[in-house]
1. Looking at Gln179, Gln140, which is the one that is loosely packed, with under 11 Cβ neighbours inside 10 Å, modelled with pLDDT of 75 or more, farther than 30 Å from Ile53 by Cα and not aliphatic (A, V, I, L, M)?
2. List, please: which pairs have Cβ atoms under 8 Å, are six or more places apart or on different chains, and start with a residue in the stretch 211-231 that is without any contact (Cβ under 8 Å) to a residue 24 or more places away in the chain and end with one that is among the acidic types (Asp, Glu) and not in a loop (DSSP other than H, G, I, E, B)?
3. Pairs needed: first member in the stretch 245-271, among the basic types (Lys, Arg); second member anywhere, modelled with pLDDT of 85 or more; C-beta distance under 7 Å; at least 6 residues apart or different chains.
4. Search the stretch 310-330 for residues that are free of Cβ contacts under 8 Å to residues at least 12 places away in the same chain and pair each with any residue that is in a loop (DSSP other than H, G, I, E, B) and of a type in the set (Asp, Glu) when their beta-carbon atoms are under 7 Å apart and the residues are at least 6 apart or on different chains.
5. Taking the condition of being part of a loop (DSSP other than H, G, I, E, B) and closer than 21 Å to Glu42 by Cα, how many residues in the stretch 56-111 meet it?
6. Filter the stretch 278-309 down to the residues that are part of a helix (DSSP H, G or I) and either touching a residue at least 60 places away in the same chain (Cβ under 8 Å) or in contact with a His (Cβ under 8 Å, 6 or more places away or on another chain) (or both) and list them by number.
7. Restricting to the stretch 53-111, and then to whatever is touching a His at 6+ places or on another chain (Cβ under 8 Å) and either touching a residue at least 24 places away in the same chain (Cβ under 8 Å) or of a type in the set (A, V, I, L, M, F, W, C) (or both), can you tell me which residue is surrounded by the fewest Cβ atoms within 10 Å (Cβ to Cβ)?
8. Answer with yes or no whether Thr275 is polar (S, T, N, Q) and not in a loop (DSSP other than H, G, I, E, B).
Amino acid sequence: MIDAVKIMAVDDVPMNLDMLEVMLSDLEATFLKASNGQEALELLGEHQDTDTILLDLEMPVMNGYELLSRLKRDDRYRDIPVIVVTADRSEVLSALSLGANDFLTKPYNPDELKLRVRNHLRSKKLMDISLGMNNALEEQVVKKTADLRKALDFSKRTEYEISIRLGRAAEFRDVETGQHTRRISEFSALLGRLAGLSERACEVLRYASPLHDVGKIGIPDRILLKPGKLDPDEMRLMQMHTVVGAKILSHAERYPVIAAGHLIALQHHEKWDGTGYPNGLAGEQIHIFGRVVMLVDVFDALLSERPYKKAFPLEKVIAIMNDGRGSFFDPRLYDLFMANLEQFVALREQLTDSGEETVLDELLPFLNTESI
């Protein structure tokens, strides 16, 4: 026996409807009756979970052909099996061409009627179960996809946090402020967008650029913090921070931010004319990430105080950088930078060091011997 099913019979002769109900009573189904196609449509609106329809063809108001055509064009009803019940076998082909699933000719055998209805009910229930499973699987796919996106987003944010913290690790050696790292990050992303890089590339550049000076971890304090000019040997050691940084970030091809950081750490002191270090690359031999970071790093360094110099005013910074166009700096990037200088100045003011503690200041409570 099939439980929890709905059968609809559509016939303009009430006695035919009553006979069908009696013959199918042992299926213990909810039996719905309609006297024409229009009435059947209205009834289906209330019972869209109907499992099988027994349909007469010749009826007033809306005949069975019109109803059948409408049912098979409607997404809500097209999968409901329709068994055409007719006394005229010549109507069968027309009904089947409109999408009828089966037919019975009058007078019909009660046992055959029950078997055909039972088979279609079973098929409909199996299809409903299959659709339910598909919908459940689709919901799981959507949920898993959302979970994966969250995991990827978390992974990206984790990579960025690592890059920021590695960048700040270098600042512990260089008496920088945390805002310098943030400024290089935001400056680089802004210049990348102005240069026409994709949003994904700009995102990677933003996250990777704080790693540019991570190699300073390997430079001795006597050189890194020397207040005066470095001699040639000291300068050679200082220049090694590019190589040290690249080694720290090497073999990370699976991690886009760290891999980009490797390039930037190695190349951010290469010059457009080939006189930079460590490899004397020139022009577009230098990756655009390296060219971008080199330019914005010089800009921020000139505006910042260092152990060996005071902060320069903006006018002097512009004059100094103008001399480097086409020698130090990629001329196209330089022109883009200067054409949008106001944006970089405004961004720097948002990320000012004023009122911010330096990394060294943050350490002072822990370095106080009286508290140990």
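1. Step by step, each of Gln179, Gln140 is checked, and only Gln140 is loosely packed, with under 11 Cβ neighbours inside 10 Å, modelled with pLDDT of 75 or more, farther than 30 Å from Ile53 by Cα and not aliphatic (A, V, I, L, M).
2. Listed by first residue and then by second, the contacts come to Ile223/Glu234.
3. Close Cβ pairs (under 7 Å, with a partner that is modelled with pLDDT of 85 or more) amount to Lys271/Ser327; Lys271/Phe328.
4. Ala311/Glu305
5. Here is the first cut: in the stretch 56-111, the residues part of a loop (DSSP other than H, G, I, E, B) are 56-63, 74-81, 87-88, 98-101, 106-109.
Subsequent filtering for residues that are closer than 21 Å to Glu42 by Cα retains 56-63, 74-81, 98-100.
Qualifying residue count for the region: 19.
6. Here is the first cut: in the stretch 278-309, the ones part of a helix (DSSP H, G or I) are 283-285, 288-303.
Residues satisfying the conditions are Ile288, Phe289, Gly290, Val292, Val293, Met294, Leu295, Val296, Asp297, Phe299, Asp300.
7. Of the residues in the stretch 53-111, the ones touching a His at 6+ places or on another chain (Cβ under 8 Å) are 81, 83, 101-102.
Now narrow it down to the ones that are either touching a residue at least 24 places away in the same chain (Cβ under 8 Å) or of a type in the set (A, V, I, L, M, F, W, C) (or both): 81, 83.
Numbers: Pro81: 20, Ile83: 22.
Applying the filter and picking the extreme gives Pro81.
8. Taking the combined requirement at face value, the residue does not satisfy it.
The values are calculated or read from the model by the stated rules, or taken from the named source; none is laboratory data. Since the structure is predicted, the reported quantities are computational estimates derived from the model, not experimental observations. Because the Cβ atoms are built from the backbone with ideal geometry, glycine has one as well, and the counts that use them run over all protein chains shown.
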